[in-house]
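Comments concern the structure below.
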Amino acid sequence: MNSTDRLETVVGELVDELDHRFPYAAALISGASGIEINDNGDEQQASESNPSKGIVFTVYDGASFNEYATSDLTPNTLARGVQAWADELSVHANGRPIIGGGIASPTGPNRRTFTVPMAIDPATVPLRDKLALARDLQQRAKALDSRIVQAQVNYSDTTQDTVYIGRGRYLEQHVPRVRLLALIVVSDGSQMRYHFAVRGGAFGYEKASISDDELRETADIALRLLEAQKIEPGEYDIITDPGISGVLAHESFGHGVELDLFPKGRALSQKYLGKQVAAPEVQMYDDPSVPGGHGFYFFDDEGELARPTQILRDGVFVRPISDFASATLAPGIHTPNGRRQDFTRKVYARMTNTFFSSGPVAPADMIANLERGVYLRSAESGMEDPMGWGIQITAHYGEEIVNGERTGRLFAPVGITGYVPDVLRSISAIGSDFELWAGTCGKGHKEMVPVSTGGPHLRMKARLG
Amino acid sequence: MQTQDETRSAALTTETLAGALANTPGADDWQVELLRDEEAQLYLIGEHVESRRVVTNERARVTLYNDHAPAGGDGTGAAPTTARGFTTQTLLESDVTDGRLATRLNDAVTIASLTDNPPFTLATAPAGGYPDVVTSDPLLASDPGAALDDALARLRAAISNWGNVRLSSAELYATRSSRELRNSRGLAATDRGTQVFLDFVLIAHEGEREAEFHAELTRRRISDLMIEGTVDSYATYARHMLVAQPPTTHQGPVILTGDALLSFFSPVVFQTSGQAAFMKVSRFNSGDLVTGDEPSGDRLTLLSDATRPWGTKTAPFDREGLPARQVTLIRDGVFVQPWAGTRYATYLGIHPTGDFANLTVQPGQWPMDVLRSAAAGPVYEIVAFSWMNPDPISGDFTVEIKLGYRHDATGTHPIKGGSLSGNVFTALAAARFSAQTYSDGAYFGPAAIRFDNLTISGE
């Protein structure tokens, strides 16, 4: 028996023992490994990308969830630590019943192993080839224009390995995530601007590429941003690219419908379940099972198998997203959204791949039919406000539209603010395209997990500044 | 909570790793940083304890350096000079006990041998030793779990003094940490510290109306949370959120206060780094005014201070073993020097200062009531943003306003919503710093800065 098998056997036995003592018990063994490369022409660096490895034991005692988390995976030490910790816990006789439940069967027929199909597993690609990829991209970018003062390439791949044992389930998954970013910084001598091209998702090494055309467009936009102006604050008709549409979904009815906020009284959406909150054509989903999505997984950190959750149907809020604790402590449906940053942090209800679904309007027609407005491109960041329903999104730049034509006049950066229902109800056209963008999501300012956001081009009204 | 000795790893030691590295061919230099955190975590929903966690995280960060001929020569056709490659790996106890250590280190040599960088040397032990700094709270170090229970009791008691304000949720973490550092140049140092994190949300209500205010504090010692005073401030803010109105569009004086200031200065921190200078993306030149032209308000003096008692970035030595010090980066508006570790210091030919530590800004002379004066027109004062996240290269920012105040001839009125936009570097050219000071654990400086010309997008 190798060390991994021995560890899993011990963990399975511990979960089995705990499951007989408490209403719920489970364990999650998680690890992340991979490589991160940075190359700016003058420097190269290759190191492990966000390495972590540890285990979490969870028990529900009828009132609270208790967890023992450690990086020490030595079986004997682990067993001693877990038993000493569990001995200090007791079951609350009249506690709230747990949803689900069941006894683990660590070696039984319930064991399932999931892997992502891909053409080239990044773990099998020699480091020399990854360094060459980054160097080639950096040199192609730097050579595009003499005003480029810095071209920086970041490549990373990470494989997230997870084993969940609990609720009669024994699940194992291996999810790779690949990301390639080219950042181009330009200067006219008095100021600097930048733009970037990025690829990212739960896919293989075969998708780690950025074409010459994309690099040229990236450099052109960076150079044009040297002439960008500040936008006059006010309300505008806007068209959002898929990246910004996605951040809108994420910040509005993504964070706003995380069920763990409901018992805290922090989500205004709680009062709008079953009510119209967006234009009637709007459909919105969270779906960890989208192939290639940066937030993809086969099961969440509580062993719930991935499946789509429709959040908005015809503009009506129909379902929140939840983790095990929030679905137990608050009335709601358990969805596969229990995620933790790593073993050192607790599980929360978190988004995965969150998006608006496509509609009937070609993006070119959307622009052609707009008399005056702003085409917002390239999402930089967003922030949620589930209780106040305010929204903050920063677009890297926007381009003026007059009489159905893009004028070439750029504004940068552009802040989008507004009241969530007002913005979502103002959606007047939904594009026929669809794209997902890779990103990272925090709960407040911490608890970072990989996600994607996206959708089609959208037309709406919002306040810009 | 279990004590450290009960679960202490036995095999993952700096001695074990140093011995293995010394016997690894190709490990021309190395550094080992052994980190151990023991943390108690407590989560509340209202009065209900949702979750309790105990976390032990022990790992070694091994950075290995390999010197070799660069793959492409030096580009001149001359004999290739030496290149230095390096990589960092994280090792666990099981890497040692399962016999994987040699393999992991050999893998690191392979990775390091494939990256080409200009050579640089590692830090050596300082002749005068490391300074004594204050980073460990005995209350947290002795029993993190008990410290949390006590903090929670005080939090509940403080909130109970407020009518129409309730606790929505809270998260408390108490951490005791240890750090051992060794490198191949004979440097050996140890450090212990504590940290407490308090995140809580207050909800104020009046009839059907409710509004929240979210607080997030990180400190080295429990007493610096100032729980009772913090609750009073944030309960007041939560009540003001109930009656706050959207701002009107405004171009003119805006005051930033408190929590927003650390993030506001983040582009300045980046632009003063040796890395930014080496990458040729810094706008600052030593000896020049950071504002370009003569500022119309106060001149900025900004320091990185790793010695400040109880600062969350305070430590006797940085990640490389460079000793803690106070470094003036901008003095009286003039850029003095970049901050840099050994690598960028070597590249730039300057003395290494160590990592950026606690952000320290020299306060000004202005009383708060003078800064708030609306004699010449309305002044906005912003106390909370959704997320102040200025662009590190351009300094541009646009950020949603969570809570602020409009000072005008009719009095002071709470506002919320809309956005504030501007540019950090332009704004600093017309700024006045308060005499009153403030600290959030990593920022030590004026409690308020009045900028003459920022833009609020409102109604």
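Based on C-alpha coordinates, I'd like the Rg and Dmax of the stretch A:115-224, in Å.
In order Rg, Dmax, the Cα atoms of the stretch A:115-224 give 18.0, 64 Å.
Please identify every one of the GluC sites (Glu not before Pro) in the stretch A:218-286 that sits in a loop by DSSP and has no more than 16 other beta carbons within 10 Å of its own beta carbon. Write down the numbers at each step before the final one.
Working: sites: A:227, A:235, A:251, A:258, A:281; in loops: A:281.
Of the GluC sites (Glu not before Pro), the ones in loops of the stretch A:218-286 whose Cβ has at most 16 other Cβ atoms within 10 Å are A:281.
Computed from the mean reciprocal separation of all distinct C-alpha pairs, what Kirkwood hydrodynamic radius does chain B have, in Å?
Details: mean 1/r = 0.0405 Å⁻¹.
When all Cα pairs of chain B are included, the Kirkwood radius is 24.7 Å.
Starting from the Cα of residue A:207, draw a straight line to each of the lysines and keep only those under 19 Å, dropping any in the same chain fewer than 8 residues away.
A:130
Report, as an integer, the average count of C-beta atoms from other chains found within 10 Å of each Cβ along B:388-394. The partial results should precede the final answer.
Numbers: counts 1, 5, 1, 8, 1, 8, 9.
Across B:388-394, the average partner-chain Cβ count within 10 Å equals 5.
Taking amide H positions as placed in the peptide plane 1.01 Å from N, state which residues far from residue B:453 in sequence (5 or more) or on other chains have amide H under 5 Å from it.
Counting only residues 5 or more places away or on other chains, the set is B:254.
Once you keep just the Cα pairs under 8 angstrom separated by 6 or more residues, what percentage relative contact order results for chain A?
Working: 1231 pairs, mean separation 69.3, N = 465.
Dividing the mean separation by the residue count of chain A yields 15 percent.
Sorted from largest to smallest, which semi-axis lengths in Å does the alpha carbon gyration tensor of the stretch B:4-242 give for its equivalent ellipsoid, taking the root of 5 times each eigenvalue? Mind dumping the intermediate values first?
On the way: eigenvalues 463, 90, 56 Å².
Those come to 48, 21, 17 Å.
Can you tell me the convex hull volume per residue for the stretch B:190-294, based on C-alpha atoms, in Å³ to the nearest whole number? Before the final figure, lay out each step's value.
Values: hull volume 21.6 nm³, N = 105.
So the per-residue Cα hull volume is 206 Å³.
Can you tell me how the stretch A:178-256 classifies by the Cα gyration tensor, rounded, prolate or oblate, using a/c under 1.5 as the rounded cut?
Working: a/c = 2.47, a/b = 1.03, b/c = 2.40.
Oblate is the answer for the stretch A:178-256, as a/c is 1.5 or above yet b/c matches or exceeds a/b.
Once all Cα-Cα distances of the stretch A:1-85 are split into 10 Å bins that start at 0, what whole-number percent is in each one?
15, 39, 22, 13, 8, 2
Report the local net charge at residue B:423: Lys and Arg +1, Asp and Glu -1, summed over other residues whose C-beta lies under 11 Å from its C-beta. Don't jump to the answer; show the numbers that get you there.
On the way: positive: A:230; negative: B:391, B:396.
Net of charged neighbours comes to -1.
Which lysines have a Cα less than 25 Å from the Cα of residue A:443, not counting those fewer than 8 places away in the same chain?
A:53, A:264, A:271, A:346, B:313, B:402, B:416
Could you state the accessible area per residue of the stretch B:4-242 in Å², with a 1.4 Å probe and every protein chain left in place?
Details: 9460 Å² over 239 residues.
Value for the stretch B:4-242: 40 Å² per residue.
In terms of the ratio Rg/(2.2 N^0.38 Å) built on C-alpha atoms, what value belongs to the stretch A:386-465? Display every interim value, and only then the final one.
Values: Rg = 14.6 Å, N = 80, 2.2 N^0.38 = 11.6 Å.
In units of the 2.2 N^0.38 Å rule of thumb, it is 1.26.
When only alpha-carbon atoms are used, what values of Rg and Dmax, in angstrom, describe the stretch A:1-144?
According to the Cα coordinates of the stretch A:1-144, Rg and Dmax are 21.9, 70 Å.
Summing both sides, how much accessible area is buried between B and A? Use a 1.4 Å probe and give Å² to the nearest 100. Working shown, then result.
On the way: alone 20450 and 19710 Å², together 33990 Å².
Summing both chains' loss of accessible area gives about 6200 Å².
With angles folded into 0 to 90 degrees, how steeply does helix A:242-253 sit against the dominant principal axis of chain A? Use alpha carbons for both and round to 10.
Roughly 50 degrees, rounded to the nearest 10.
Using a 1.4 Å probe on the protein heavy atoms only, what accessible surface does residue A:445 show? Give it in Å² to the nearest 10.
90 Å²
List the residues of the stretch A:176-218 for which accessible area in the full set of protein chains is at least 40 Å² lower than for the chain on its own; 1.4 Å probe, protein heavy atoms only.
Those are A:192, A:194, which lose 40 Å² or more relative to the chain on its own.
Roughly how many Å² is the accessible area per residue of the stretch A:115-224, as a whole number, for a 1.4 Å probe?
Spelled out: the 1.4 Å probe surface of the stretch A:115-224, per residue, equals 40 Å².
Kindly provide the helix-only [θ] at 222 nm of chain A, computed as the sum of -39,500 (n - 2.57) over DSSP H runs of four or more divided by all residues, to the nearest 500 deg cm²/dmol? Intermediate results must be reported in sequence, preceding the final value.
Working: 8 runs with 91 residues, N = 465.
Computed ellipticity for chain A at 222 nm equals -6000 deg cm²/dmol.
Compute the acute angle (0 to 90°) between the alpha-carbon long axis of helix A:212-224 and the principal axis of greatest extent of the alpha-carbon atoms of chain A; round to the nearest 10°.
That works out to roughly 60 degrees.
Pick out the long, greasy-scoring helices in chain B: whole DSSP H runs spanning 27 Å or more along their own axis by Cα, mean Kyte-Doolittle at least -0.5. List each step's numbers first, then the result.
Details: long enough: none.
Within chain B not a single helix satisfies the rule.
Could you tell me the relative contact order of the stretch A:115-224? Use alpha-carbon pairs under 8 Å, at least six residues apart, and round to a whole percent. Walk me through the numbers on the way to the answer.
Numbers: 199 pairs, mean separation 30.7, N = 110.
Rounded, it is 28 percent for the stretch A:115-224.
Using a 10 Å cut-off on Cβ atoms, rank the peptides B:282-292, B:186-196, A:289-299 from the highest mean neighbour count down. Let's see the in-between values first.
Working: B:282-292: 16.1, B:186-196: 18.0, A:289-299: 21.6.
Highest-to-lowest ranking by the protection proxy: A:289-299, B:186-196, B:282-292.
Given the convex hull over the Cα atoms of the stretch B:235-380, what projected area results after averaging over all orientations, in nm²? Spell out each step's value before the answer.
Details: hull surface 47.1 nm².
Mean projected area of the Cα convex hull: 11.8 nm².
Averaged over its residues, how many other protein chain Cβ atoms are within 10 Å of peptide B:54-65's Cβ atoms? Working shown, then result.
On the way: counts 8, 11, 8, 9, 4, 6, 0, 3, 0, 1, 0, 0.
Averaged over the peptide's residues, the number is 4.
Once the convex hull of the alpha carbons of the protein assembly as shown is built, what does its volume come to per residue, in cubic angstrom? Please list the in-between numbers first.
Details: hull volume 152.7 nm³, N = 924.
Dividing the Cα hull volume of the protein assembly as shown by its residues yields 165 Å³.
Ignoring ligands, DNA and RNA, please state the percent of accessible area on chain A from carbon and sulfur, probe 1.4 Å. Write out the running numbers ahead of the final one.
Working: 7970 of 16600 Å².
It is 48 percent, rounded to a whole number.
According to the Cα gyration tensor, what semi-axes, each the square root of 5 times an eigenvalue, does the equivalent ellipsoid of the stretch A:285-372 have, listed from largest to smallest in whole Å? Please report the intermediate quantities before stating the final value.
Details: eigenvalues 198, 48, 24 Å².
Over the Cα atoms of the stretch A:285-372, the ellipsoid semi-axes are 31, 16, 11 Å.
Summing +1 for each Lys or Arg and -1 for each Asp or Glu, what net charge is found among the other residues whose Cβ lies under 14 Å from the Cβ of residue A:22? Kindly include the intermediate steps, with their values, before the conclusion.
Values: positive: A:21, A:96, A:167, B:52; negative: A:16, A:17, A:19, A:61, A:67, A:87, A:88.
Surrounding charge for residue A:22 is -3.
Grab the DSSP H runs of chain B that are 4 residues or longer, score each as -39,500 (n - 2.57), total them, divide by all residues and round the 222 nm result to the nearest 500 deg cm²/dmol. If you can, show how the numbers build up before the last one.
On the way: 13 runs with 101 residues, N = 459.
Roughly -6000 deg cm²/dmol at 222 nm, from the helical runs in chain B.
What are the GluC sites (Glu not before Pro) within the stretch B:163-253 that DSSP puts in a loop, where the Cβ has at most 16 other Cβ atoms within 10 Å? Write down the numbers at each step before the final one.
Values: sites: B:171, B:180, B:206, B:208, B:210, B:212, B:216, B:228; in loops: B:208.
Listed in order of number, the matching sites are B:208.
Taking the alpha-carbon distance from residue A:446 and a cut-off under 14 Å, which aspartates and glutamates remain once sequence neighbours fewer than 8 residues away in the same chain are dropped?
Hits, sequence-local ones excluded: A:342, A:384, B:171, B:199, B:216.
Around residue B:283, what is the net charge, scoring Lys/Arg as +1 and Asp/Glu as -1 over all other residues with Cβ under 14 Å from its Cβ?
Working: positive: A:193, B:280; negative: A:188, B:288, B:293, B:391, B:396.
Around residue B:283, the surrounding residues sum to -3.
Based on the alpha carbons, how large is the Rg to Rh ratio for chain A when Rh follows Kirkwood?
Details: Rg = 23.9 Å, Rh = 23.7 Å.
Using Cα coordinates only, the ratio equals 1.01.
So who's got an amide H within less than 5 Å of the one on residue B:448, skipping anything under 5 residues away but keeping other chains? H placed 1.01 Å off N, in plane.
Close amide H contacts, sequence-distant or interchain: B:434.
When only C-alpha pairs under 8 Å and at least 6 residues apart count, what is the relative contact order of chain B, in percent?
Numbers: 1116 pairs, mean separation 67.9, N = 459.
Relative contact order of chain B: 15 percent.
What whole-number value in Å² describes the accessible area per residue of the stretch A:425-465 for a 1.4 Å probe? Display every interim value, and only then the final one.
On the way: 1420 Å² over 41 residues.
Result: 35 Å² of accessible area for each residue.
The values are calculated or read from the model by the stated rules, or taken from the named source; none is laboratory data. Remember, it's a predicted structure, so these values are computed and weren't measured experimentally. Cβ coordinates were reconstructed from backbone atoms using ideal geometry, including for glycine residues, and neighbour counts include every protein chain displayed. Only protein heavy atoms, including side chains, enter the accessible area calculation; ligands, DNA and RNA are left aside. Shrake-Rupley method; radii C 1.70, N 1.55, O 1.52, S 1.80 Å.
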